[in-house]
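Heads up: the structure comes next, in structure tokens.
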Amino acid sequence: MNDALWWLLLPLITVALTIGQNLRSARLSAPRSAGFAGAVESPAVRSPFRLRTVAASCGAAVLLPAVVAVVAPAAVPAVAVLTTLAVVALTALLAGHTARASRARAKIREHAARLSICYAGKSGLHVGMWSPWFEQTQIPWCVTVPSDDQFDKVRAHYPDFAVVVGDLPDSVRAAFYPHGGGGNRRYLDARPDVTHVFLGHGDSDKPLSASDRVLEFDFVAVAGQAALDRFAAAGVDLGSRVRLIGRPQTEGIVPVSGPVPPTPTVLYAPTLWHQDESANLSSLRVARTLIEELLARGCTVAFRRHFARIQHPDAEDTIAWIDERLAQDAKETGRAHRYGLEPRLVSIPDLFNAVDAVVSDVSSIVVDFMASDKPYLMYAAQYDDVEAFRAAHPSAVGAYVVPRDLTGLSEQLDQLLGDDPLAELRHSRADYFLGGPERRDPAGRFLALLHELDTTG
């Protein structure tokens, strides 16, 4: 038995060395990152060498020879050697993991991002709504996401961005949030030393645009007076949290006045078809009628679906029908309709500049389109009374509106594509929504905010 005890010391010593040299590193998950200069993208599979894994392996290395010593003493040397080799292998893997983690962290420290877009959404596309102005500042910045899934989606759309999974880099002074996902909480709680700014991803009259969840942030960036009034009407007191920044996304939209041309191009851009019918504001439910009316008037149609790829089954059927119908009409008439993926590949300013009017619903599309001074029609999904809809949705004050049963659609289209009696009113509403006269420099105030928070944190 004494000989067996000597053999038991071998794995015990190895385990002690593992704990002393490498166990601490098992607690450190190598940050998954990409886009940091000189760094190779971290693998998608996170390291399995967590504390409990190492502890279990080391425990087995000790207990197994001990059990064998009682049951089959003659086998103790062989078992001890094998378990020792297993622990040595684990130690080597841990050492490699530690080295990779150190290199990843070194590249993140070297990049020294002072600003970060924190993204907890599902699509990844919201990042691109704000990233151009981060790039313009030439201030080091990155995207920080809470999960591997979000990392993959952001990287798929923006392969050149510096992206890291997990905690905010220590160098970050201000964090900006284009989405209100629950994953934001980890950054708010973990880094009270950072200035947290809620951006959102669009300005519209949807109820979520006035959610009291924004009170969790240090600042709330809003486009214009319309947003301030929207929060006030919802009983959300922003106090000193407000920063008025206009809509940078309207940069490049060229205002056009005057009547719509005889053969107009009309953008149809419906919002998401909500799974909960009581919250569904989408015009997709009546899209077939809208499209047929536009085609009957000789319009060229650009159809841009909502960027969310999974919608209500009826919505997906309708989207497929629109693409097929426009393809059929293009073949029959030669009109250059735009549908499918194509309108998604064009920037919003370029798309707005290429059309003469918009048909939509309660959406940030109509707010951003105000910068063009061109006419737009809104579908009042939940309303029979057009004026009640306008009262509840200020973006509709300058719009041509049809109720949920489409009563008066022909007459509203006549005005939209004809004399446009709402032109003057619509111009003043644009100031109200987009930040007043300063909206002529759409990105100026946001760029100033980025530079300010880079300096002050």
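If I ask for residues that are part of a helix (DSSP H, G or I) and either over 23 Å from Leu450 (Cβ atoms) or without any contact (Cβ under 8 Å) to a residue 24 or more places away in the chain (or both), which ones from the range 133-154 would you list?
Glu135, Asp148, Asp149, Phe151, Asp152, Lys153
Do any residues in the range 441-457 that are on the phi < 0 side of the Ramachandran plot have Cβ atoms under 7 Å from those of residues that are among the hydrophobic types (A, V, I, L, M, F, W, C) and part of a loop (DSSP other than H, G, I, E, B), where the two are at least six apart or on different chains, and which pairs are they?
Matching pairs, first to second residue: Arg445/Ile245; Phe446/Ile245; Leu449/Ile245; Leu450/Ile139; Asp454/Ile139.
Got a sec? Which of Phe176, Phe198, Phe217 is over 26 Å from Phe389 (Cβ atoms), surrounded by 20 or more Cβ atoms within 10 Å (Cβ to Cβ) and without any contact (Cβ under 8 Å) to a residue 40 or more places away in the chain?
Working: Phe176 fails: without any contact (Cβ under 8 Å) to a residue 40 or more places away in the chain; Phe217 fails: without any contact (Cβ under 8 Å) to a residue 40 or more places away in the chain.
None of the others qualify; the one that does is Phe198.
Would you point out which residue out of Asp205, Asp148, Asp167, Asp152 is at pLDDT below 95 and within 22 Å of Ile365 (Cα to Cα)?
None of the others qualify; the one that does is Asp205.
Looking at the structure I just gave you, is Gly258 touching a Pro at 6+ places or on another chain (Cβ under 9 Å) and either assigned by TED's automatic domain parsing to the domain that holds Phe134 or surrounded by fewer than 14 Cβ atoms within 10 Å (Cβ to Cβ) (or both)? Lay out the reasoning, then the answer.
Values: touching a Pro at 6+ places or on another chain (Cβ under 9 Å): no; either assigned by TED's automatic domain parsing to the domain that holds Phe134 or surrounded by fewer than 14 Cβ atoms within 10 Å (Cβ to Cβ) (or both): yes.
Against the criterion (touching a Pro at 6+ places or on another chain (Cβ under 9 Å) and either assigned by TED's automatic domain parsing to the domain that holds Phe134 or surrounded by fewer than 14 Cβ atoms within 10 Å (Cβ to Cβ) (or both)), Gly258 does not qualify.
Go through Leu450, Leu406, Leu425, Leu377 for me and flag whichever is crowded, with 18+ Cβ neighbours inside 10 Å and outside any strand (DSSP E or B).
Leu450
Go through (1) in contact (Cβ under 8 Å) with a residue 40 or more places away in the chain; (2) buried (at least 22 other Cβ atoms within 10 Å of the Cβ); (3) within 19 Å of Pro259 (Cα to Cα) and name the single condition Gly398 misses.
Of the numbered conditions (1) in contact (Cβ under 8 Å) with a residue 40 or more places away in the chain; (2) buried (at least 22 other Cβ atoms within 10 Å of the Cβ); (3) within 19 Å of Pro259 (Cα to Cα), the odd one out for Gly398 is (1).
Yes or no: Ser283 over 22 Å from the mean Cα position of the chain (by Cα), surrounded by 23 or more Cβ atoms within 10 Å (Cβ to Cβ) and touching a residue at least 60 places away in the same chain (Cβ under 8 Å)?
Details: over 22 Å from the mean Cα position of the chain (by Cα): yes; surrounded by 23 or more Cβ atoms within 10 Å (Cβ to Cβ): yes; touching a residue at least 60 places away in the same chain (Cβ under 8 Å): yes.
For Ser283, the condition - over 22 Å from the mean Cα position of the chain (by Cα), surrounded by 23 or more Cβ atoms within 10 Å (Cβ to Cβ) and touching a residue at least 60 places away in the same chain (Cβ under 8 Å) - is met.
What's the number of the only condition in (1) modelled with pLDDT of 95 or more; (2) of a type outside the set (Gly, Ala, Ser); (3) more than 17 Å from the chain's Cα centre (by Cα) that Val197 fails to meet?
(3)
Restricting the search to the range 319-374, which residues are in a helix (DSSP H, G or I) and among the hydroxyl-bearing types (Ser, Thr, Tyr)?
Taking the range 319-374 first, the residues in a helix (DSSP H, G or I) are 319-333, 342-344, 348-353, 364-372.
Scanning the range 319-374 gives Thr333, Ser364, Ser372.
I'd like the residue in the range 308-356 that is among the small types (Gly, Ala, Ser) and more than 25 Å from Lys122 (Cβ to Cβ) and, out of all such residues, is surrounded by the fewest Cβ atoms within 10 Å (Cβ to Cβ).
Step by step, filter the range 308-356, then rank; the result is Gly334.
Name the residue, out of Thr300, Thr265, that is hydroxyl-bearing (Ser, Thr, Tyr), touching a strand residue (DSSP E or B) at 6+ places or on another chain (Cβ under 7 Å), touching a residue at least 60 places away in the same chain (Cβ under 8 Å) and surrounded by 13 or more Cβ atoms within 10 Å (Cβ to Cβ).
Thr265 is the lone residue from the list that is hydroxyl-bearing (Ser, Thr, Tyr), touching a strand residue (DSSP E or B) at 6+ places or on another chain (Cβ under 7 Å), touching a residue at least 60 places away in the same chain (Cβ under 8 Å) and surrounded by 13 or more Cβ atoms within 10 Å (Cβ to Cβ).
Among the candidates Tyr383, Tyr432, single out the residue that is part of a loop (DSSP other than H, G, I, E, B) and either buried (at least 20 other Cβ atoms within 10 Å of the Cβ) or assigned by TED's automatic domain parsing to the domain that holds Ala279 (or both).
Just a single option satisfies the conditions, and that option is Tyr383.
Answer yes or no as to whether Ala391 is touching a residue at least 40 places away in the same chain (Cβ under 8 Å) and either surrounded by fewer than 18 Cβ atoms within 10 Å (Cβ to Cβ) or assigned to a helix (DSSP H, G or I) (or both).
Considered against the rule, which asks whether it is touching a residue at least 40 places away in the same chain (Cβ under 8 Å) and either surrounded by fewer than 18 Cβ atoms within 10 Å (Cβ to Cβ) or assigned to a helix (DSSP H, G or I) (or both), Ala391 comes out as no.
List the number of the failed condition for Leu228; all other conditions in (1) surrounded by fewer than 20 Cβ atoms within 10 Å (Cβ to Cβ); (2) touching a residue at least 12 places away in the same chain (Cβ under 8 Å); (3) over 21 Å from Ala443 (Cβ atoms) hold.
Going through (1) surrounded by fewer than 20 Cβ atoms within 10 Å (Cβ to Cβ); (2) touching a residue at least 12 places away in the same chain (Cβ under 8 Å); (3) over 21 Å from Ala443 (Cβ atoms) one by one, Leu228 breaks only (3).
Taking the condition of being over 24 Å from the mean Cα position of the chain (by Cα) and hydroxyl-bearing (Ser, Thr, Tyr), how many residues in the range 227-278 meet it?
Adding up the residues that qualify gives 5.
Residues of the range 229-241 being outside any loop (DSSP other than H, G, I, E, B) and in contact with a strand residue (DSSP E or B) (Cβ under 6 Å, 6 or more places away or on another chain), which ones?
Answer for the range 229-241, where residues must be outside any loop (DSSP other than H, G, I, E, B) and in contact with a strand residue (DSSP E or B) (Cβ under 6 Å, 6 or more places away or on another chain): just Arg241.
The values are calculated or read from the model by the stated rules, or taken from the named source; none is laboratory data. Keep in mind the model is a prediction, meaning the values are calculated, not measured. Glycine also receives a Cβ, built like all others from the backbone with ideal geometry; neighbour counts cover every protein chain displayed.
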